[in-house]
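These notes are about the structure you will find just below.
Read-outs throughout are calculated quantities, based only on the coordinates presented, and are distinct from any laboratory measurement. In this text the structure is predicted, and so the values were computed from the model without any measurement. Virtual Cβ from ideal backbone geometry, glycine too; neighbours counted across all protein chains shown.
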């Protein structure tokens, strides 16, 4: 027997997370603005955080929500209204986003977390549509109805030091700071005993129950975490745009985030961010060339899913792992041959 | 006082009396088998004991405590752990993680910040169990690539990791080759002797049952038909009738 046991292979290495953070750190300086503008890179980071929050529920716990627009939109409107009408700082606005996301997730969870599969998806979608219509007309006075949330004052930070959030680069690094910390936090949560429990639930719920876990509570908490990060992304989106578009609450937002997550690979940690990047990049480029860019993005999506059935990152990862196990299994054979 | 005891336990699905007024008990350290033809209510009885189903009537006591209405995760925490008739594992997780996640359930489930892989005590326990079920060499592989027999072993490992006092095994040798069955029987016997487990077994294979059980308990159409030592059961006229002739057919 070997003297020291092999350490357990971690599913995704820490390296992937650090490389992602490093890439985002240097993008505004190393990638020319005509390829990826700072604004586009900012949007990719924000939607990337949204997708990671969404995937905590979909890819890790195995729960499909078709109403994540509610968290994103609520975070966006909450942050904007807090800043505009209550005179809160940017930090205060983001805190409001966070708190609203947690409250909404707790309510949705209390109503629907015991429902399975498509039933949960439909309930979450119905709740999200309720928010959309509330913002559209009954609360028009505060939300601006179809026009979206406007008249947010020019944003800047005074704490910990003065930053003007009107210019792209400071805004980019402000978003980078928040998203970076969030990514590390999500990473940490997913690798904690609780994060592992979520994956066990996804893989086999009865078995997890039979091992003595309170599965319902774990699902509920995972929904709360997911809502928290999604609404934080919504708050950042409001700060990035300087206004709150009604589309953030629309069901299409829920659909798009699902699409981007699957495109990148829902069973990988960083896949959703890659999916967001590819999707937003394509959207950005084709909308210049073609008026009906959705057509091109649609074709592209179909093509990519055919090439990468497990999502871009998921497929690359399983190909890589298959190659590595193959080479590992060849080695001992060669060893025995050489002994003879 | 018996270790596990049921009193007039009933479970009806509509008009079907799957388990009907069953009284039985298991003593500590016993290896007891439940046999019976298809549809006799064996798996339903198991699911009642572990809390997956709620009984229609009757009571269940474990170590003197009333566990009748306790859900499966609660009974598991009390020490009743089951394996499923159709193997339940975590296919996309590694073999190691399959057992580790179960071992973790006794220590820390809602910890959001510590690194799961750094909990050495749990890792050590996981390796111990993997060694016991002979899967230590496959620990880094995804559970989905294991063979049928290995999966059965893995699920037993997952169940063991939850520190059971009473282990409910639902057809552990189903689908195994005769050679594999012999090995599985040895494993089950070892578990009882080395870990001082009380084991309750649902099994179709009469060889297995007669070989390793201390006591056999025969169900038919939801009712207790007979209970006794393997020798007594195989000599029992009513059991023979159910297995050979069938009651309704006569």
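Can you work out the FRET efficiency for the pair residue B:174 and residue A:169, with r the C-beta to C-beta distance and R0 = 60 Å, to the nearest 0.05?
0.40
Go ahead and set up a Gaussian network model of chain A, Cα springs under 10 Å, then flag whichever of A:234, A:148, A:87 fluctuates most.
Looking only at A:234, A:148, A:87, the largest GNM fluctuation is found for A:87.
Pop the C-beta distance of residue B:195 and residue B:71 into the FRET formula with R0 = 41 Å and round what comes out to the nearest 0.05.
0.95
If the viscosity is 1.306 mPa s and the temperature 10 °C, what translational diffusion coefficient in µm²/s does Stokes-Einstein give for the protein assembly as shown when Rh comes from Kirkwood over Cα pairs?
Details: Rh = 26.9 Å.
In µm²/s, the coefficient is 59.
Along Cα→Cβ, 7 Å out, is where each label goes; now give me the distance between the ones at residue B:13 and residue A:294 in nm to one decimal.
4.6 nm
Mind checking the alpha-carbon convex hull of chain B and giving the volume per residue in Å³?
Expressed per residue, the convex hull around the Cα atoms of chain B is 137 Å³.
Tell me the angle of helix B:178-195 to the major Cα principal axis of chain B, expressed in degrees between 0 and 90 and rounded to the nearest ten.
Computed tilt is about 80 degrees.
Relative to the longest principal Cα axis of chain A, at what angle does helix A:251-264 sit, 0 to 90 degrees, rounded to 10?
That works out to roughly 30 degrees.
Under a crude label model (7 Å from the Cα following the beta-carbon direction), how far is residue A:319 from residue B:182 in nanometres?
4.7 nm
Contour minus end-to-end for residue B:1 and residue B:57, with contour as 0.36 nm per residue of separation and end-to-end as the Cα-Cα distance?
Result: 18.0 nm gained on full extension.
Just how far, in whole angstrom, is region B:124-187 from region A:183-230 if you go by their alpha carbon centroids?
What the calculation gives is 25 Å, centre to centre.
At each listed q (0.18, 0.20, 0.24 Å⁻¹), what is the log10 of I(q)/I(0) that the Debye formula gives for region B:84-163 modelled as equal alpha-carbon point scatterers?
Those come out to -0.66, -0.81, -1.12, one per q.
Roughly how tilted is helix A:293-307, in degrees to the nearest 10 and between 0 and 90, from the longest Cα axis of chain A?
That works out to roughly 20 degrees.
So how do A:196, A:324, B:127 line up by other beta-carbon neighbours within 10 Å, fewest first?
Details: A:196 22, A:324 10, B:127 17.
The most exposed by this proxy come first: A:324, B:127, A:196.
Would you compute, from DSSP H runs of 4+ residues alone, the mean residue ellipticity of chain B at 222 nm, taking -39500 (n - 2.57) per run and dividing by the full residue count, rounded to the nearest 500?
Values: 9 runs with 88 residues, N = 250.
After summing the helix terms and dividing by residue count, I get -10000 deg cm²/dmol.
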